[in-house]
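What follows is a set of notes on a single structure, which appears directly below.
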Amino acid sequence: MYLRISNDCVVPKDEIIGIFDMDNTTVSRQGRNFLPEAEKNGCIIYTSDELPKSYVVTAGDGAEKVYLSSLSSRILQNRAKSKDLLV
């Protein structure tokens, strides 16, 4: 099954490590360092031109990816729990 994280992007549900709120996770030093490090390593995937509200960390085929989403982490978590909104 896949989780739709934006209008044009879906990710395999079994590869999701976590869904994180952009505002809450960038408060700590570790959280602030995570996204710049992921971008430096080429792991960031922008799913929209809009301001990101959350990010989804996945690991599949030995590669970690970080998807920035304009949807809130709460919406994405609810979608992950609901079978109706999965692809």
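Some notes on this structure:
- Scan of region 1-15 for residues that are closer than 14 Å to S69 by Cα, open to solvent by less than 50 Å² (accessible area, probe 1.4 Å) and not hydrophobic (A, V, I, L, M, F, W, C), ordered by number: S6
- Among the residues making up region 37-46, a single one is open to solvent by 50 Å² or more (accessible area, probe 1.4 Å), in contact with a strand residue (DSSP E or B) (Cβ under 9 Å, 6 or more places away or on another chain) and in a loop (DSSP other than H, G, I, E, B): N41.
- Any hit, region 47-59, residues being buried (at least 17 other Cβ atoms within 10 Å of the Cβ), of a type outside the set (S, T, Y), assigned to a strand (DSSP E or B) and at pLDDT 95 or above: yes
- Only one entry of V11, V57, V66 meets the criterion of being touching a Cys at 6+ places or on another chain (Cβ under 8 Å) and not charged (D, E, K, R), and that entry is V66.
- When G18 is tested against (1) free of Cβ contacts under 8 Å to residues at least 40 places away in the same chain; (2) of a type outside the set (S, T, N, Q); (3) open to solvent by 50 Å² or more (accessible area, probe 1.4 Å), only condition (3) is not met.
- Among (1) of a type in the set (G, A, S); (2) under 11 Å from the mean Cα position of the chain (by Cα); (3) open to solvent by 50 Å² or more (accessible area, probe 1.4 Å), the one test that S72 misses: (3)
The values are calculated or read from the model by the stated rules, or taken from the named source; none is laboratory data. All values derive from a computational prediction rather than experimental measurement. Counting neighbours? That spans all protein chains shown, and the Cβs are built from the backbone with ideal geometry, glycine included. Please note that ligands, DNA and RNA were not included when accessible areas were found on the heavy atoms of the full protein model with its side chains. Shrake-Rupley method; radii C 1.70, N 1.55, O 1.52, S 1.80 Å.
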